[in-house]
Amino acid sequence: MNIRPAVRGDLSAVYALFEQELAYQKALIKERDWISNRDWHEVINQKLTNPRERMWVAELNGNLVGYLMGCLSAASKSRPLRQWLQQLRFGERTTAENPTQPTGWIEDCFVLPEARRQGIGSALVRAALSWFKDNHVIRIELGIWMVNGQGQAFWEQQGFSPVRLKMAKDLNK
């Protein structure tokens, strides 16, 4: 197994993995069609060009079998209430090296079903955590669908814990 940052030459293989992940998400959340409304090629390509975003890939026997996408998001000065609430909940989030302490965000992580339970997901997470630490991140967040019990179990094994439950009501139903 090899974990490394994604490069341009990986884009077609990453996109193929991403399509499988989207199909998995659609199967979990049948009532939502949020997936088709985005230019996913552009989203993935941005991970390679934006210095505040990263993507790591997992290779097994010469084939890409997984990826993890992460980004840095600094505290927003345009949203002072949110910044104040974050400071209240998590403490002062600045350092001498980085006055707008970023929060790490894991946007997406996927490993092919046949490659799971081999430590690949955990290795991807370790690579991302190292990058977050190098960027002075003190808190990492991610979102996961409530119906994704397997995903919740994975993230809890990585040391993450539930913080907040987001609730929604669809007025079109």
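Nothing in this text is a laboratory measurement; each read-out follows from the coordinates by a stated rule. In this text, all values refer to a predicted model and were calculated from it rather than measured experimentally. A quick note on method: Cβ atoms are made from the backbone with ideal geometry, for glycine too, and the neighbour counts reach across all protein chains shown.
A 31 angstrom limit on the alpha carbon distance is what I want to check against. Which of K26/K133; K133/K169; K26/K166 exceed it?
Over 31 Å apart, Cα to Cα: K26/K133; K133/K169.
So, R0 is 22 Å and r is the distance between the beta-carbons of D39 and Q118; what FRET efficiency does that work out to, to 0.05?
0.10
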